[in-house]
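Below: one structure, written as structure tokens.
The values are calculated or read from the model by the stated rules, or taken from the named source; none is laboratory data. This is a predicted model, so every value here is computed, not measured. Here Cβ is always computed from backbone atoms with ideal geometry, including for glycine, and neighbour counts include all displayed protein chains. Heavy atoms of the whole protein, side chains included, go into the accessibility calculation; ligands, DNA and RNA do not. Shrake-Rupley method; radii C 1.70, N 1.55, O 1.52, S 1.80 Å.
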Amino acid sequence: MTELLQIKAVTKRFGGLVAVNNVSFAVREREILSVIGPNGAGKSTLFKLISSFLNPTSGEVLFRGERISGLAPHIVARKGVVRTFQETTIFKGMTVRDNVIIAHHLRSNASLAGFYLGTNTARRDEDEFGRSADEIIDFLDLGAQRHEVASTLPHGHLRALGIAIGLATNPTVLLLDEPFAGMNHDETVRAVEMVRGVRKRGVTVLLVEHDMPAVMNISDRIVVLNFGVKIAEGTPKEIQENEKVIEAYLGAEDETIGF
Ligand SMILES: Nc1ncnc2c1ncn2[C@@H]1O[C@H](COP(=O)(O)OP(=O)(O)OP(=O)(O)O)[C@@H](O)[C@H]1O
């Protein structure tokens with residue numbers, strides 16, 4: 001399997017605090033890789049470093065062999081490494097369909113000025129974006145909500161819309177930040193299937209997630225952080241049996257590893 005992303009000795013300091021400490025691992029093409037760890041372990045910071053929302057203090061992230069650390073996040077997204085848009089970046093006053101269409105503009109060949117002037121490229125893109133948006137909406141089972149305004153959607157559907165917006169940017173790697181948080185059992189089962197479906201489309205998926213049964217069920221491989229340091233990497237079975245991982249979770253008061 002080809003290595004799509006290489007995280008090489010990445011460190012991030014916030015003043016005196018080392019949030020991510022000399023972390024290295026690779027992400028392979030079309031795998032589902034989860035990053036887990038107790039609260040404050042550095043998972044979100046690592047995601048921000050990979051998607052270039054933060055610059056590493058030292059180390060670097062390579063995508064297809066090219067350094068992406070230090071590039072603006074929208075440039076990294078255009079290259080294909082996309083972090084799912086949090087619920088706060090969904091345009092709440094717009095419909096599901098319009099939200100997904102707008103996200104396509106990230107991959108548009110036309111300039112925004114072209115859209116206002118109605119150039120041929122812009123018109124072609126608009127037709128294509130509408131078709132593609134409908135396909136993604138159907139794929140994520142949001143067809144019945146297509147014309148609903150985002151602010152009226154329940155939590156689960158909003159999460160699906162976040163993933164739809166991510167898919168609309170045509171990512172190679174999709175980074176999902178806690179996609180199962182706040183979901184009940186049935187919603188999680190559905191969301192796990194949705195993420196599997198995303199991978200089936202050829203997308204490589206990186207997750208940060210606290211829901212251990214879901215992580216164990218869905219991941220090809222898992223990277224475990226504790227106090228910013230990578231303490232383990234392996235298959236779900238290897239991680240479940242890893243002494244360091246068990247210790248790290250036993251030390252955490254507010255959650256259990258749940259297996
Ligand atoms: N912008 C920042 N400035 C200062 N400290 C920060 C900043 N962002 C994160 N931290 C600190 O870095 C450490 C790692 O935080 P991070 O959010 O990456 O952990 P996490 O594993 O995602 O936690 P959780 O599971 O609770 O979301 C924490 O101690 C946090 O307080």
In µm²/s, what is D for segment 125-172 at 25 °C and 0.890 mPa s, where D = kT/(6 pi eta Rh) by Stokes-Einstein and Rh is the Kirkwood radius from Cα pairs?
222
Accessible area in square angstrom per residue, the chain, 1.4 angstrom probe:
47
Mind giving me the nanometre distance, one decimal, between the label points for Glu31 and Glu128, set 7 Å out from Cα along Cα→Cβ?
3.2
Percent antiparallel among DSSP beta bridges confined to the chain, nearest 5, equals 55
Rounded to the nearest 500 deg cm²/dmol, what is the calculated helix-only ellipticity per residue at 222 nm for the chain, with -39500 (n - 2.57) per DSSP H run of length n ≥ 4?
-11500 deg cm²/dmol
Cα long-axis angle, helix 185-200 against the chain (0 to 90 degrees, to the nearest 10):
70
Return the sequence-ordered ³J(HN,Hα) values of segment 151-167 in whole Hz as given by the Karplus equation 6.51 cos²θ - 1.76 cosθ + 1.60 applied to θ = phi - 60°, using x for Gly and Pro.
5, 8, 7, x, 3, x, 5, 5, 4, 4, 5, x, 5, 4, 5, x, 5
Cα-based Debye curve of the chain sampled at q = 0.07, 0.15 Å⁻¹ gives log₁₀ I(q)/I(0) of -0.25, -1.10
Would you be so kind as to identify which of Ile163, Ile218, Phe180 lies farthest towards the positive end of the dipole of the chain, taking Lys and Arg as +1 and Asp and Glu as -1 on Cβ and the Cα centre as origin?
Ile163
Sorted by chain and number, the residues with a modelled amide H under 5 Å from that of Leu4, at a separation of 5 or more or across chains, are Val27, Arg28, Glu29
Taking only Cα atoms of segment 18-90, the Rg to Rh ratio with Kirkwood Rh works out at 0.94
Take Asp127, Asp98, Asp211 and sort them by solvent-accessible surface of the protein heavy atoms, 1.4 Å probe, largest at the top.
Asp127, Asp98, Asp211
Give me the percent relative contact order of segment 119-234, please, defined on Cα pairs under 8 angstrom at least 6 residues apart.
19
Angle, helix 120-139 long axis vs. longest principal axis of the chain, Cα atoms, 0 to 90°, nearest 10?
50
Once amide H atoms are built 1.01 Å from N in the peptide plane, which residues 5 or more positions from Leu225, or in another chain, come under 5 Å H to H?
Ile36, Gly37, Ile231
Phe227 to Ser58: extension gain in nm, 0.36 nm per residue of separation minus the Cα-Cα distance?
59.1 nm
HN-Hα J couplings of segment 38-46 from phi, Karplus 6.51/-1.76/1.60, θ = phi - 60°, integer Hz, Gly and Pro as x?
x, 3, x, 6, x, 5, 5, 4, 4
With the full set of protein chains in place, find how many percent of the accessible area of the chain is carbon and sulfur; take the probe as 1.4 Å.
51
Lys, Arg +1 and Asp, Glu -1 on Cβ, resulting dipole of the chain about Cα centre, debye, nearest 20:
960
